[in-house]
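These notes concern the structure reproduced below.
The values are calculated or read from the model by the stated rules, or taken from the named source; none is laboratory data. Owing to the predicted nature of the structure, the values given are computational and were not obtained by experimental measurement. Positions of Cβ are backbone-derived with ideal geometry, glycine not excepted, and every protein chain shown enters the neighbour counts. Accessible surface is based on the protein model in full, side chains and every heavy atom, while ligands, DNA and RNA are left aside. Shrake-Rupley method; radii C 1.70, N 1.55, O 1.52, S 1.80 Å.
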Amino acid sequence: MTIHSDTGVKFDSVRALIERLGLPVKNPALFARAFTHRSFVNEHTSAAEDNERLEFLGDAVLDFIVGAWVYNHFPEMAEGELTRLRSALVRTDQLAAFARQLDFGPVLRLGRGEVVSGGRERDNLLCGAFEAFIGALYLETDIQTAAKFIEPMLESTREEILARPDLADNKSRLQEWIQGQKLGPLTYALVDTRGPDHSRTFEVEVRVNGKALGRGQGSSKAAAEQEAARIALAALGIE
């Protein structure tokens, strides 16, 4: 079976991609839709639907899977850092990079104008196709299979993502600033613990040369330290 396309992308190429990725897929046509950009539908009345609905679904699936992954892999990271890390992993350029790793570009079904203008290498089109592909994978299988497919890619880019200056955690950012200003040693002091053993709240104060810079609370000492550092950064005008 061949999907009509003036761009030369055939149903067999989608099937070959699925087989190369080793996915338990029974409905390649659903994945062909994931690679179908609206510019193709505009030029081919026989194409019933573009990938935008699947893209919408895949975006939600990715948010959940990536959110769960960062939560489980960084237990001492505060909420703000978790949010920043998740956002970095699902932003357009990163998802486009994943699509390139999987060689999605040649399989995209694009209109002639998009092909001529280099659409197969454009970040927003590759990102949309990756999200749509994840949406299709979720529909065809389940959330566990989708997670198993995505998580190795998250692991492979983990160190690169964490090395970005905008993702340094609050304690590291504060430490670097204090050292740069040569203000002296930075310490964290536990000043209070409240609540029963199964639901403790810790309060920590961050100090430099004995002077308090910020005080934070959290469900663990590590989380409270991160919050104290965040408050100190804000007080110093560094955020």
(request) Hand me the trypsin sites (Lys or Arg not before Pro) from the stretch 165-239 located in a DSSP loop with no more than 10 other Cβ atoms within 10 Å, in residue order please. (result) Lys182
(request) Determine the dipole magnitude for the chain: charges of +1 sit on the beta-carbon of Lys and Arg, -1 on that of Asp and Glu, nothing else is charged, the reference point is the Cα centre, and the result goes in debye to the nearest 20. (result) 300
(request) Starting from the Cα of Lys171, draw a straight line to each of the lysines and keep only those under 19 Å, dropping any in the same chain fewer than 8 residues away. (result) Lys182, Lys211, Lys221
(message) Among Glu140, Glu121, Glu43, which one shows the highest mean-square fluctuation when the chain is modelled as a Gaussian network with alpha-carbon springs under 10 Å?
(response) Glu43
(request) Please identify the helices of the chain, taking whole runs of DSSP H, that span at least 20 Å along their own axis as judged from the Cα atoms and have a mean Kyte-Doolittle score of -0.5 or higher. (result) 52-73, 123-140, 143-162, 221-235
(request) Can you tell me how much longer the chain between Arg20 and Arg158 gets when fully stretched, taken as 0.36 nm per residue apart minus their C-alpha distance, in nm with one decimal? (result) 47.3 nm
(message) Given a 10 angstrom Cα cut-off, can you work out which residue in Gln181, Gln94, Gln144 is the most mobile in a GNM of the chain?
(response) Gln181
(message) Could you work out what % of the accessible surface of the chain is carbon and sulfur, using a 1.4 angstrom probe and leaving DNA, RNA and ligands out of the count?
(response) 49
(request) Give me the distance in nm between label points sitting 7 Å out from Cα along the Cα-to-Cβ direction at Ser46 and Ala60, one decimal. (result) 3.3
